[in-house]
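Asks: Structure in structure tokens, see below.
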Amino acid sequence: MTGTSLSSTKAEIVTAAERLFALHGIEGVSLRQIGAEAGAGNNSAVQYHFGSKDRLIDAVIEFRLPALHARRTQLLERHRPGDLRGLLMCQALAILEQGDQPGSHYLGFIVTLRQQGHQELLDRLPEEVRAVLHDFHERLGVHLPHLPVHLRAHRLARAMTLIVQTAADRERARALGRPVPPFGLELADLVDSLVGSLLATPSPESLVPLTEDEMAGVAWPPFI
């Protein structure tokens, strides 16, 4: 299940780009290589259809994100979780499911974007998606009153990153034909770990007030 409807040629280019970006990094892949991977006979096919690498990256996100966003929304509406574990379960389930889809390299692609300093591309999401995700993170924060704002943001960012990284590791292992843990075990243990780390009592060292500059460096939960 995907989001944006594309012609067969564009869809082949987008899925080839997702796979190559995930495996080799954003800077390690040229538009010509993507075209060859997609089976495009014209060396300029990718540039013709998408114009630039940044626009192709946007196209990958637009291709995958709507279905992922819809699945997360469906889970939240179906289960209406009122506790931290339930909220995290909905997020983790939607993302792990995406990673287990045949041919998916989307989570590896997202990890690569963040690791290689392309976070600004993830920040160009549609406003309605950003609003829903912001509300979701606010709902998580309600269950963490023992944490000051900056530490809450830091822990939530780390928790969301761990979900994506776990799904990306699983996605890559499946693509390489390597064994992965049973889905139910992976999901339950991941959520157990997230709940434990988020609810942990902060140490005195982590409660030291931050300066304005240090506060600016605190990561907020990634939008995905």
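The values are calculated or read from the model by the stated rules, or taken from the named source; none is laboratory data. Small disclaimer: the values here were computed from a predicted structure and weren't measured. Reconstructed Cβ throughout: ideal geometry from the backbone, glycine too, with neighbour counts over all protein chains shown.
Asks: Any idea which of Val129, Val111 is in a helix (DSSP H, G or I) and crowded, with 19+ Cβ neighbours inside 10 Å? Working first, answer last.
Replies: Details: Val129 fails: crowded, with 19+ Cβ neighbours inside 10 Å.
So the residue among Val129, Val111 that is in a helix (DSSP H, G or I) and crowded, with 19+ Cβ neighbours inside 10 Å is Val111.
Asks: If the requirement is being exposed (fewer than 15 other Cβ atoms within 10 Å of the Cβ) and of a type in the set (Gly, Ala, Ser), which of these qualifies: Ala94, Ala70? Break it down into steps so the answer makes sense when it comes.
Replies: Working: Ala94 fails: exposed (fewer than 15 other Cβ atoms within 10 Å of the Cβ).
The match here is Ala70.
Asks: Continuing with this model, one more query. What is the residue count in region 172-224 for residues that are touching a helix residue (DSSP H, G or I) at 6+ places or on another chain (Cβ under 9 Å) and either in a loop (DSSP other than H, G, I, E, B) or not small (Gly, Ala, Ser) (or both)?
Replies: Total satisfying the criteria: 30.
Asks: State yes or no: is Gly117 modelled with pLDDT of 95 or more and among the small types (Gly, Ala, Ser)? I'd like the intermediate steps shown before the answer.
Replies: On the way: modelled with pLDDT of 95 or more: no; among the small types (Gly, Ala, Ser): yes.
Here the answer is no, as Gly117 does not meet what is asked.
Asks: Among the residues in region 100-113, are any over 17 Å from the mean Cα position of the chain (by Cα) and of a type in the set (A, V, I, L, M)?
Replies: So far as region 100-113 goes, no, none of its residues is over 17 Å from the mean Cα position of the chain (by Cα) and of a type in the set (A, V, I, L, M).
Asks: Hey, among the residues in region 51-101 that are farther than 30 Å from Thr9 by Cβ and assigned to a loop (DSSP other than H, G, I, E, B), which one's modelled with the highest pLDDT?
Replies: Asp83
Asks: Any idea which residue in region 194-214 is surrounded by the fewest Cβ atoms within 10 Å (Cβ to Cβ), counting only those that are within 28 Å of the chain's Cα centre (by Cα) and polar (S, T, N, Q)?
Replies: Across region 194-214, the extreme among qualifying residues is Thr201.
Asks: So, one more: How do the pairs read when you match residues in region 156-173 that are without any contact (Cβ under 8 Å) to a residue 12 or more places away in the chain with residues anywhere that are among the charged types (D, E, K, R), using Cβ under 8 Å and keeping only pairs 6 or more apart or on different chains?
Replies: none
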